Amino acid sequence: MVTILFFGQLKERLDTSRLPLELVDGSKCLDSVAELRIFLQTKGDVWKENLAYGSALVAVNQQMATEDTPIKDSDEIAFFPPVTGG
């Protein structure tokens, strides 16, 4: 099981700050950030819009991650909006 955290506007828009998730669901296994992102987007239009590639950054175990970063049981995965400054 992984723990998925949502920060900033994502937490408000998705109406959750934390989501525990089993990586294996039947015969399907989520083993990369890209696969997890695609799976989460199936939860509905709000999820699809807010977790689209480029709309949310991701970190695995507090390290910035890319779409091909592997994930495994017990990882902590965080999604957060892109940081802007001014």
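The values are calculated or read from the model by the stated rules, or taken from the named source; none is laboratory data. Predicted, not measured: the structure shown is a model, and the values here were computed from it. A quick note on method: Cβ atoms are made from the backbone with ideal geometry, for glycine too, and the neighbour counts reach across all protein chains shown.
What the table shows:
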| read-out | value |
| --- | --- |
| Tally, over the stretch 1-35, of residues that are more than 17 Å from Gly54 (Cα to Cα) and polar (S, T, N, Q) | 4 |
| Subset tally (residues that are in contact (Cβ under 8 Å) with a residue 40 or more places away in the chain, surrounded by fewer than 14 Cβ atoms within 10 Å (Cβ to Cβ) and aliphatic (A, V, I, L, M)) for the stretch 5-43 | 0 |
| Top-ranked residue of the stretch 13-34 - restricted to ones that are assigned to a strand (DSSP E or B) and of a type in the set (D, E, K, R), ranked as nearest to Glu67 (Cα to Cα) | Lys28 |
| Residue match in the stretch 35-42 (condition: among the acidic types (Asp, Glu), in a strand (DSSP E or B) and within 11 Å of the chain's Cα centre (by Cα)) | no |
| Members of the stretch 49-79 found to be surrounded by 16 or more Cβ atoms within 10 Å (Cβ to Cβ) and outside any strand (DSSP E or B), listed by number | Asn50, Leu51, Ala65, Thr69, Ile71, Asp75 |
| Odd one out for Ser55, checked against (1) within 10 Å of the chain's Cα centre (by Cα); (2) in contact (Cβ under 8 Å) with a residue 12 or more places away in the chain | (1) |
| From Val2, Val46, residue being crowded, with 16+ Cβ neighbours inside 10 Å and modelled with pLDDT of 95 or more | Val2 |
| Residues within the stretch 63-86 that are more than 14 Å from Ser32 (Cβ to Cβ) and either under 13 Å from the mean Cα position of the chain (by Cα) or among the aliphatic types (A, V, I, L, M) (or both), tallied | 7 |
| Yes/no for Leu36 being hydrophobic (A, V, I, L, M, F, W, C) and out of contact with any Lys or Arg (no Cβ under 8 Å at 6 or more places or on another chain) | yes |
